1. How about region 142-179: which of its residues are of a type in the set (Lys, Arg) and either assigned to a strand (DSSP E or B) or open to solvent by less than 10 Å² (accessible area, probe 1.4 Å) (or both)?
2. Say whether the condition of being among the small types (Gly, Ala, Ser) and in contact with a Pro (Cβ under 9 Å, 6 or more places away or on another chain) is met by at least one residue in region 172-186.
3. Is there any pair with a first residue in region 36-59 that is within 15 Å of Ser9 (Cβ to Cβ) and a second that is open to solvent by 60 Å² or more (accessible area, probe 1.4 Å) and outside any helix (DSSP H, G or I) whose Cβ atoms are under 7 Å apart and which are 6 or more apart or on different chains, and what are they?
4. Can you name the residue in region 60-85 that is farther than 14 Å from Ser15 by Cα and among the aliphatic types (A, V, I, L, M) and, of all such residues, is modelled with the highest pLDDT?
5. Is it the case, given these coordinates, that Arg268 is open to solvent by 20 Å² or more (accessible area, probe 1.4 Å), within 15 Å of Phe103 (Cβ to Cβ) and touching a residue at least 24 places away in the same chain (Cβ under 8 Å)?
6. Among (1) surrounded by 15 or more Cβ atoms within 10 Å (Cβ to Cβ); (2) assigned to a helix (DSSP H, G or I), there is one condition Asp249 misses while meeting the rest; what is its number?
7. Determine whether Arg186 is at pLDDT 85 or above, among the basic types (Lys, Arg) and open to solvent by 40 Å² or more (accessible area, probe 1.4 Å).
8. For region 292-307, name all the residues that are in contact with a strand residue (DSSP E or B) (Cβ under 6 Å, 6 or more places away or on another chain) and modelled with pLDDT of 85 or more.
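The values are calculated or read from the model by the stated rules, or taken from the named source; none is laboratory data. Source: prediction; values computed, not measured. Quick reminder, even Gly has a Cβ in these numbers, built from the backbone with ideal geometry, and neighbours come from all protein chains shown. With ligands, DNA and RNA removed, areas are computed over all heavy atoms of the protein, side chains included. Shrake-Rupley method; radii C 1.70, N 1.55, O 1.52, S 1.80 Å.
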Amino acid sequence: MTTDVPLQSLVLFASAVRHLNFTQVAEEYGTTQPAVSQRIAALEKHLGTALFRRAHRGVALTPEGAALYDSVCDHLAAIQTAVERVRTRKLREVLTVATDFAFANFWLMPRLAAFQELRPELDVRIVTSQNGFDIRGEPVDLAISFGTGHWPGCNAQRLLPEVVVPVCSPALLARHGPATAHDVMRMPLLHLESSGPVRWLTWQDWGLGHGVAEAGQGQSLTLGNYPLVIQAAVSGRGVALGWRPLVDDLLRDGQLASPPLPELATPRGYYLVRPHGREAGRALDSLRDWIVAECAQSTGTGAGAAA
């Protein structure tokens, strides 16, 4: 024989305390007044004490009923809060974006709060990798990938071109003075490590693009991800290749400086990538449109074309 009190009886009891009228309780829960009276009577029998005093036009709470009501209200409120929390979590949609460390750290994260203010009902999950990956086999909604625009089985929309300038701390640049391309190649160079074929501009590429055939003559430091490269540049460890507009904020606020040399652009860039045939939906469309618009604003151009 169980000694547990049915939750429904406690819910009806709490309603009876609010209304002090069993008929109104019955109307609230779509039942009959005799059924409510039987439930309350059974609860009183189970507890061995009267919870209400019956009156001509309703009921009045006994001291024992008042004590029970305080406890029941606290517990019912906690249950309702838990239910709402689960319901809200179920209703929230999570969008997963895959990209590299550089784009996530220097472009996406500083702007993401603006999107979440526009769409507070959406959650965004960011996964990062320094190496290329096949989005078709990953549990992600879209990728912002660096490359030539060709991903088999995917739609690719260009967001940002590859535009590179050398960057270093203002103090380091001041020590070396206004630098030519030859001078830059003799400064301590900061390299981004790649575990496979290099997909981005290297210092050798940059030198050749500016007519400097020889490799760098100064010290060099190689780091495993782009945020570390930029951190080393800010701290004065050397000069790094700065991808625009990823480093624009650091140049604007004076954490980085750039020699007065022409930018070097390539056909590569960042692309918004989605597999063919994968369903999007309104939430994902809104995130995609926001990313495209923000990138266009970053470069002062219109939205990119699909490839």
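1. Initially, region 142-179 is screened for residues of a type in the set (Lys, Arg), giving 158, 175.
Across region 142-179, the qualifying residue is only Arg158.
2. yes
3. Every condition considered, no pair remains.
4. Ala67
5. Details: open to solvent by 20 Å² or more (accessible area, probe 1.4 Å): yes; within 15 Å of Phe103 (Cβ to Cβ): yes; touching a residue at least 24 places away in the same chain (Cβ under 8 Å): yes.
For Arg268, the condition - open to solvent by 20 Å² or more (accessible area, probe 1.4 Å), within 15 Å of Phe103 (Cβ to Cβ) and touching a residue at least 24 places away in the same chain (Cβ under 8 Å) - is met.
6. Of the numbered conditions (1) surrounded by 15 or more Cβ atoms within 10 Å (Cβ to Cβ); (2) assigned to a helix (DSSP H, G or I), the odd one out for Asp249 is (1).
7. yes
8. Once the filter is applied, which keeps residues that are in contact with a strand residue (DSSP E or B) (Cβ under 6 Å, 6 or more places away or on another chain) and modelled with pLDDT of 85 or more, region 292-307 yields only Cys295.
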